[in-house]
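The values are calculated or read from the model by the stated rules, or taken from the named source; none is laboratory data. All figures in this text were calculated on a predicted structure; none of them were measured in a lab. Glycine also receives a Cβ, built like all others from the backbone with ideal geometry; neighbour counts cover every protein chain displayed.
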Amino acid sequence: MALITPLREAVSSLVQDGDTVALEGFTHLIPHAAGHEIIRQGKKDLTLVRMTPDLIYDQIIGMGCARKLIFSWGGNPGVGSLHRFRDAVEQGWPHKLDIEEHSHAGMANAYVAGASNLPFALLRGYTGSDLPKVNPNIRFVECPFTGEKLAAIPSVRPDVTVIHAQKADRRGNVLLWGILGVQKEAVLAAKRSIITVEEIVDDLEAPTNSCVLPSWAVSAVCHVPGGAYPSYAQGYSERDNKFYKDWDPIARTRDVFQAWMKRHVLDTVDFADFKRVLNDGVNDGAKRETV
Amino acid sequence: MANLESSNLEFSATEIMTVAASRLLQDGTVCFVGIGLPSTAANLARLTHAPDVVLIYESGPIGAKPTVLPLSIGDGDLSLTADTVVSTPEIFRYWLQGGRIDVGFLGAAQIDRFANINTTVIGPYDNPKVRLPGAGGAPEIAAQAKEVFIVLKQNKKAFVEKLPFITSAGFLDGGDAREKAGITGGGPTAVITDLGILTPDPVTRELTLTSIHPGVTVEQVREATGWDVKISPDLKVTEIPDADALAALRDLQARTAKAHGQSTSSEG
């Protein structure tokens with residue numbers, strides 16, 4: 001059964017230094033609050049997994065929590081580069097970051113294989129691409145029936161998967177909807193899982209065939225309203241596209257990034273406090289502009 | 001040139017690129033759409049001559065009909081307007097690998113003469129000069145869609161003699177190299193730029209300038225290409241954007257800018 005617990009305790013007890021951790025979300029439902037908590041608690045040597053590492057991974061990498069990234073597309077969607085990710089790969093700052101790079105199809109299949117308790121994923125993929133030349137974990141096998149050549153990559157089996165969802169009930173059953181990405185597969189592929197939710201309700205009122213993760217398949221459920229911000233939760237919030245644009249200059253230089261992270265993450269106690277400081281900053285800025 | 005002079009329409013190089021790209025998409029086509037320029041062109045097609053085009057985004061929406069252009073691949077508008085939203089594994093397994101995509105519509109950071117695409121890295125992979133976002137869905141879209149359109153701006157940094165990295169296969173070394181490698185989809189059929197349209201030679205598969213936008217010279221195209229670009233002996237002048245298409249494009253972009261709170265220039 002999932003434990004309904006504060007996020008701080010869930011991260012503290014379920015995420016260990018050196019773990020392989022997937023904080024998944026495909027633009028929608030990205031678990032930013034949980035990412036901040038990982039940074040606040042100073043977790044180290046993590047192998048991060050994610051199809052689409054974006055701002056929260058830029059922050060975790062820039063704060064030196066990760067030693068490796070397994071991914072298929074790393075950018076600030078609609079804006080441009082992840083400057084902290086690039087600095088780690090291009091300059092080794094704050095330290096060297098190993099990368100294992102795939103395509104989306106490869107990663108999606110690797111999560112499915114992980115959730116299916118298979119050692120590797122099989123797909124038609126990577127043909128003609130240089131990715132297999134730089135990633136020894138992309139190999140090719142022969143179909144035993146047709147002789148056809150198919151791509152094989154190891155399953156993704158995280159120690160911990162972290163996602164954000166819309167609702168949980170009081171027993172810890174979780175309901176999510178909208179753009180689901182690989183979140184269900186990522187939870188079922190992992191040994192442990194943390195799910196932050198917008199609200200905890202008496203009855204999920206989930207239509208038949210909805211995406212429900214049963215309480216017994218989840219380790220911890222944490223009530224963090226707005227915990228995906230600046231990503232969004234369909235039915236609860238809109239994506240704050242301006243934050244994504246504003247992140248670009250913050251992440252461009254090491255000093256500005258570190259000062260921002262100290263003020264907004266390290267020196268705040270939780271996600272609500274982060275949002276309070278962020279809003280204070282926005283209001284201060286508005287005041288300055290009007291003076 | 002006569003076209004341009006006799007017309008009262010004024011349009012930018014990006015606008016004719018977008019309109020020319022959208023015209024290639026026929027009504028009823030099932031199109032796997034990349035974010036940015038491809039998404040703009042595909043939605044313009046949907047709003048003009050191709051109302052029944054089916055737009056599929058890799059985040060899961062099938063039959064998306066966004067009211068404004070998405071800033072990201074997973075904007076809420078995509079899922080709220082879609083016929084259905086499936087998981088990302090399902091998109092890649094059942095819909096793309098399953099052979100249900102007519103057109104893959106891609107952008108690129110760099111391209112070579114055989115329409116191979118780089119979105120991974122500039123410089124050596126292990127010691128990159130510029131680390132780009134990476135593959136995303138492109139390698140399998142480029143390989144498995146029945147045909148592929150590529151839209152990007154033409155200049156020497158983007159149109160290079162040799163790619164530092166092939167992220168997604170076009171025609172590899174040309175000729176029948178793509179088929180020999182076992183790639184099932186038909187590959188790129190058009191590269192639409194702000195200067196013209198290039199299509200692969202039927203035999204060598206080398207990109208050839210087959211249409212040039214009004215007001216652009218062949219010399220400009222040569223200058224903007226990192227190899228000695230082939231020019232078709234039957235070079236056509238791209239039809240200018242009609243007033244309806246331009247109005248629809250500008251309206252869409254104005255709606256988008258309003259919805260996203262500022263300019264959409266980051267998309268292009």
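Do you know which residues across segment A:173-194 are of a type in the set (S, T, N, Q) and out of contact with any helix residue (DSSP H, G or I) (no Cβ under 6 Å at 6 or more places or on another chain)?
Scanning segment A:173-194 gives a single hit, A:GLN183.
Taking the criterion of being among the β-branched types (Val, Ile, Thr) and surrounded by fewer than 22 Cβ atoms within 10 Å (Cβ to Cβ), the only residue of segment A:122-134 that qualifies is A:VAL134.
Identification of helices (runs of 4 or more DSSP H) wholly contained in segment B:134-237 with 1 or more residues that are charged (D, E, K, R) and within 30 Å of B:LEU9 (Cβ to Cβ) yields B:218-223. Of the residues screened, A:ASN137 is one that is surrounded by fewer than 18 Cβ atoms within 10 Å (Cβ to Cβ), more than 11 Å from chain B (Cβ to nearest Cβ), in contact with an Asp or Glu (Cβ under 9 Å, 6 or more places away or on another chain) and assigned to a loop (DSSP other than H, G, I, E, B). With the condition kept exactly as written, say whether any residue in segment B:71-78 is touching a Phe, Trp or Tyr at 6+ places or on another chain (Cβ under 7 Å), free of Cβ contacts under 8 Å to residues at least 24 places away in the same chain, part of a helix (DSSP H, G or I) and under 28 Å from B:GLY134 (Cβ atoms). Within segment B:71-78 (the criterion being touching a Phe, Trp or Tyr at 6+ places or on another chain (Cβ under 7 Å), free of Cβ contacts under 8 Å to residues at least 24 places away in the same chain, part of a helix (DSSP H, G or I) and under 28 Å from B:GLY134 (Cβ atoms)), the answer is yes, since at least one residue qualifies. Among the residues of segment B:126-161, those that are β-branched (Val, Ile, Thr), over 24 Å from B:TYR94 (Cβ atoms) and more than 8 Å from chain A (Cβ to nearest Cβ) comprise B:ILE150, B:VAL151, B:VAL160. If I ask for residues that are in contact with a helix residue (DSSP H, G or I) (Cβ under 8 Å, 6 or more places away or on another chain) and either closer than 24 Å to B:ASP75 by Cα or within 12 Å of chain B (Cβ to nearest Cβ) (or both), which ones from segment A:195-218 would you list? Once the filter is applied, which keeps residues that are in contact with a helix residue (DSSP H, G or I) (Cβ under 8 Å, 6 or more places away or on another chain) and either closer than 24 Å to B:ASP75 by Cα or within 12 Å of chain B (Cβ to nearest Cβ) (or both), segment A:195-218 yields A:ILE195, A:THR196, A:CYS211, A:LEU213.
Confirm whether A:CYS211 is within 17 Å of the chain's Cα centre (by Cα) and either within 30 Å of A:MET261 (Cα to Cα) or without any contact (Cβ under 8 Å) to a residue 40 or more places away in the chain (or both). Criteria not met by A:CYS211.
Residues that are at pLDDT below 95 and surrounded by fewer than 21 Cβ atoms within 10 Å (Cβ to Cβ): which helices (runs of 4 or more DSSP H) entirely in segment A:1-109 hold 1 or more of them?
Ranges flagged: A:83-91.
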